[in-house]
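Presented below is the structure to which this report refers.
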Amino acid sequence: SQFSNQWHYVNTYKSGADINVQEVWDNYTVGSSNVIVSVCDEGVYMAHEDLSVIPAGEGGSKDFVDNDYSIETSDGHGTHVAGTVAAISNNGKGVAGIAGGNYAAGIAGARILSTQIFDKRGNSTDEAGAQAMKYSADAGAVILQCSWGYYADANEDGTVSSSELRDFKSITIDPAEKAAIDYFLEYAGCDDDGNQLPDSPMKGGIVFFAAGNENMDVFLPVKRPFLCLLSFGRSKRK
């Protein structure tokens, strides 16, 4: 019902101001239920009527903050990300997801695995991130959606000083997270021997990270929440 407002998908007024998703839907795919996307973020609202979220439990959605299966949500960042990825499309409800299928045509879209690494205050740890990434691959996800990054304006005064920029550029990814990312890239969609699972759409995984909202031409590993795949961000602390 809100698709007409999603100008970033289809923009008929300004050329180049959308992602040309209609062409993909028309000529390639609208999404598939055998694709599992792990939203490694805040918790996704499990009962959302416009999302197909894998239930919490062993091998399913999991909270890595408290290391249990009770998914918590706060300001909706994780749910927003999940909606951008795979909100059920063409069902007359809410928004459309990029890989949300086509409800009216009976085509199911991608499924969401909620791997919560941020608590209600927006805090996380490298350990939680690493655990969630490896778990995602073992749970059948082939896409890892990480919509977070480091924060350059450390004192939050509205400007990035030269010392803050220097510190920002010196940040390196935690070794455990790096190993977990490498594991996901190689072993997502695979069995214990590294062979592609028969019901998996691919061998190995794809990892998406947010580009950042600092308006700086700097590439860095990231560690604060952002909306990635069409992203709008907010601040985050470890």
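Considering each residue of region 176-187 in turn, none proves to be part of a loop (DSSP other than H, G, I, E, B), open to solvent by less than 50 Å² (accessible area, probe 1.4 Å) and either touching a helix residue (DSSP H, G or I) at 6+ places or on another chain (Cβ under 9 Å) or not β-branched (V, I, T) (or both). Looking at the structure I just gave you, is G204 within 24 Å of A86 (Cα to Cα), modelled with pLDDT of 85 or more and open to solvent by less than 30 Å² (accessible area, probe 1.4 Å)? Yes: the conditions hold for G204. Scanning region 121-151 for residues that are among the polar types (S, T, N, Q), under 26 Å from N34 (Cβ atoms) and open to solvent by 10 Å² or more (accessible area, probe 1.4 Å) yields a count of 1. Residues in region 1-48 that are assigned to a loop (DSSP other than H, G, I, E, B) and open to solvent by less than 20 Å² (accessible area, probe 1.4 Å) were compared, and the one that is farthest from A141 (Cα to Cα) is Q6. Among the candidates A110, A128, the residue that is in contact (Cβ under 8 Å) with a residue 40 or more places away in the chain and touching a Gly at 6+ places or on another chain (Cβ under 6 Å) is uniquely A110. Within region 122-132, does at least one residue satisfy the condition of being touching a Pro at 6+ places or on another chain (Cβ under 8 Å), part of a loop (DSSP other than H, G, I, E, B) and on the phi > 0 side of the Ramachandran plot? Yes, region 122-132 contains at least one residue that is touching a Pro at 6+ places or on another chain (Cβ under 8 Å), part of a loop (DSSP other than H, G, I, E, B) and on the phi > 0 side of the Ramachandran plot.
The values are calculated or read from the model by the stated rules, or taken from the named source; none is laboratory data. Here the structure is a predicted model, which means the values were calculated and not measured. With ideal geometry, Cβ positions are generated from the backbone for all residues, glycine too; neighbour counts draw on all protein chains shown. When the accessible area is computed, the model is the full protein with side chains, heavy atoms only, and any ligands, DNA or RNA have been set aside. Shrake-Rupley method; radii C 1.70, N 1.55, O 1.52, S 1.80 Å.
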